[in-house]
Amino acid sequence: MNNKKKVIIVGAGVAGLSAGIYAARSGFDVTILEQHMTFGGLSTSWSRKGYYFEGGMHWLTGSSPKLPLNKIWKEVGALKENNPIENRDPLYTLLDGDKNLCLYRYLPDMKKALLEYAPEDKKMINKMCRDVKAFSRFYMPVFDTPGCKCKTPFGFNPFMFIPMLPAVLRVPFLVNKSYEEYVNKFKNKNLRHLLMSVIGYRYNALSFIYTLGSFASGDCGYPAGGSVQLVQNMLDTYQSLGGKIEFRTKVENVIVEDGVAKGVQTKNGDMLADAVIITQDARNAVDTLFDTMIDEPWVNKMRRNAISEQNVFVCLGVKADLSHLPYTCVLPLEKPLEYCGCKWNEIRINNYSKYKDYAPEGGSAMTCLLIGDSYKFWKMAKEDGTYKAKKEELGKLFVDAVSKFIPQVKENLEAIDVATPCTYERYCSSYQGGWMSVWKKGGTQDNYPQKLQTIDGVYFAGQRIQMPGGLPIAVYTGRQAVQQLCKDEKILFV
């Protein structure tokens with residue numbers, strides 16, 4: 001007879017797998033329910049006509065063994081010998097004829113390359129490099145939940161914050177300046193194109209500098225096999241601990257009796273449990289998975305403040321060897337690409353031609369994130385029946401723009417696939433098809449509790465719980481949700 005307490009986890013993305021691993025390891029009887037036919041959630045990839053498109057990860061925060069987060073990635077089995085880390089350098093290369101401009105992760109090389117290309121921007125380049133150097137010592141700390149008894153606690157060392165102080169002092173200035181305002185201080189047009197290709201244009205300057213600082217620290221490498229190998233490793237770890245998973249099982253509602261969660265409703269029937277961990281996008285889940293509206297301060301704050309980062313993901317399969325091109329190409333457009341309510345002055349192309357098995361012999365797989373607030377446009381197209389035609393129209397415009405820099409694309413195009421925010425919404429139930437939260441100029445970094453006050457036995461994890469989100473927050477909050485559960489059940493967290 002199984003006397004273990006039963007836990008149901010909603011969603012088999014990185015947060016769900018993380019929660020499942022820690023819960024199973026801590027002695028719970030765990031079942032993950034996934035609405036899709038596969039695992040990984042937003043950390044995914046797919047194939048079209050023999051071309052493999054990396055759709056979920058372009059770098060991994062916490063890949064460096066020097067960082068506390070790396071320990072979590074290894075605890076959940078995400079990083080193993082089968083997916084060693086590659087620290088690409090240069091990070092991005094702007095194509096400018098015979099005089100390409102490179103953005104390096106190694107700070108001395110970055111500074112030298114930028115000064116040689118744009119000496120007129122010496123003052124701003126030096127200023128930016130000072131900021132990046134300060135943030136190369138800044139990293140995401142890892143804490144245990146107060147009151148949770150842990151078998152191997154992380155511990156707290158206040159001295160770890162001392163090297164971060166120069167970066168902390170710059171935070172107020174950078175938070176209150178937008179990414180575009182910061183980059184527009186540079187005079188050289190191509191340098192602005194290169195720097196504006198790093199993250200989504202709606203963020204504050206802190207997000208930009210923090211990203212470059214993370215690269216400069218030696219973090220943010222690319223694990224071999226990408227997102228699929230990473231989540232496969234996690235699934236293997238979860239199942240080796242006895243964890244169960246059911247696919248094509250969409251959770252329709254959390255069963256609540258007398259203020260206590262008793263399990264979940266699915267179209268296949270009710271499943272009872274002692275606790276429910278929701279790793280589906282919390283902003284969406286609080287409005288769709290409960291019969292009674294959740295009216296709590298943190299939930300209402302999330303409803304008001306959540307700004308969903310969205311993108312249109314364009315994938316190209318080209319029957320040509322493009323391995324002579326850099327891994328990441330930035331294309332400075334003379335005429336902006338405008339569509340779905342967004343405008344892009346530059347396009348960042350990820351070129352996987354050097355990667356084995358990403359394309360048929362002699363071919364190249366390429367991808368691009370067109371980041372911007374386009375959900376309403378695509379949602380309306382879905383409703384009025386023009387969705388497919390508009391995806392095709394954008395695809396043609398995109399190919400035309402890219403082919404001005406890489407003619408082989410139009411001449412040898414074999415496959416094209418366009419995923420919109422509605423695609424992510426459909427397969428992952430993410431709020432407005434988003435995968436991160438935008439931290440705008442002057443905004444606060446909203447982090448939310450992982451449990452409800454009005455319903456016992458419900459816990460939340462995932463990218464929406466802490467800004468800005470992404471893979472590191474997903475794996476971390478999965479761990480934190482189980483720590484909350486262990487604390488409440490007075491069980492040792494393992």
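The values are calculated or read from the model by the stated rules, or taken from the named source; none is laboratory data. Being a predicted model, the structure only gives us computed values, none of them experimental. FYI the Cβ positions are ideal-geometry reconstructions off the backbone, even for glycines, and counts take in every protein chain you see. Surface areas here come from the heavy atoms of the whole protein model, side chains and all, with no ligands, DNA or RNA. Shrake-Rupley method; radii C 1.70, N 1.55, O 1.52, S 1.80 Å.
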Inset, instruction - Go through the stretch 158-196 and give me each residue that's over 21 Å from Asn126 (Cβ atoms) and either touching a Phe, Trp or Tyr at 6+ places or on another chain (Cβ under 6 Å) or open to solvent by less than 20 Å² (accessible area, probe 1.4 Å) (or both). - result: Met164, Val175
Inset, instruction - Answer yes if at least one residue in the stretch 201-224 is farther than 30 Å from Leu17 by Cβ, more than 23 Å from the chain's Cα centre (by Cα) and open to solvent by less than 20 Å² (accessible area, probe 1.4 Å), and no otherwise. - result: no
Legend entry - So Pro146, is it in a loop (DSSP other than H, G, I, E, B), over 23 Å from Leu370 (Cβ atoms) and without any contact (Cβ under 8 Å) to a residue 40 or more places away in the chain: yes
Inset, instruction - Tell me the strands (runs of 3 or more DSSP E) entirely within the stretch 31-142 that contain at least 3 residues that are surrounded by 16 or more Cβ atoms within 10 Å (Cβ to Cβ) and in contact with a helix residue (DSSP H, G or I) (Cβ under 9 Å, 6 or more places away or on another chain). - result: 92-94, 101-103
Inset, instruction - Mind listing whichever residues of the stretch 430-447 are under 15 Å from Val175 (Cβ atoms), touching an Asp or Glu at 6+ places or on another chain (Cβ under 7 Å) and in a loop (DSSP other than H, G, I, E, B)? - result: Val438
Legend entry - In the stretch 185-212, the residues that are assigned to a loop (DSSP other than H, G, I, E, B) and not small (Gly, Ala, Ser): Lys185, Phe186, Lys187, Asn188, Met196, Val198, Ile199, Tyr201, Arg202, Tyr203
Legend entry - Exclusive hit being open to solvent by 50 Å² or more (accessible area, probe 1.4 Å) and polar (S, T, N, Q), set Thr288, Thr249, Thr279: Thr288
Inset, instruction - Assess whether Tyr182 counts as being in contact (Cβ under 8 Å) with a residue 24 or more places away in the chain, touching a helix residue (DSSP H, G or I) at 6+ places or on another chain (Cβ under 9 Å) and not in a helix (DSSP H, G or I). - result: no
Inset, instruction - Kindly indicate the residue of the stretch 436-470 that is open to solvent by less than 10 Å² (accessible area, probe 1.4 Å) and of a type in the set (A, V, I, L, M, F, W, C) and also nearest to Gly16 (Cα to Cα) among those meeting that condition. - result: Ala461
Legend entry - Residue list for the stretch 370-412, restricted to those being aromatic (Phe, Trp, Tyr) and under 22 Å from Val198 (Cα atoms): Tyr375, Phe398, Phe405
Inset, instruction - Being under 17 Å from Val142 (Cβ atoms), crowded, with 24+ Cβ neighbours inside 10 Å and aliphatic (A, V, I, L, M) is the filter here, so list the residues in the stretch 471-494 that pass it. - result: Leu471, Ile473, Ala474, Val475, Ala481, Val482
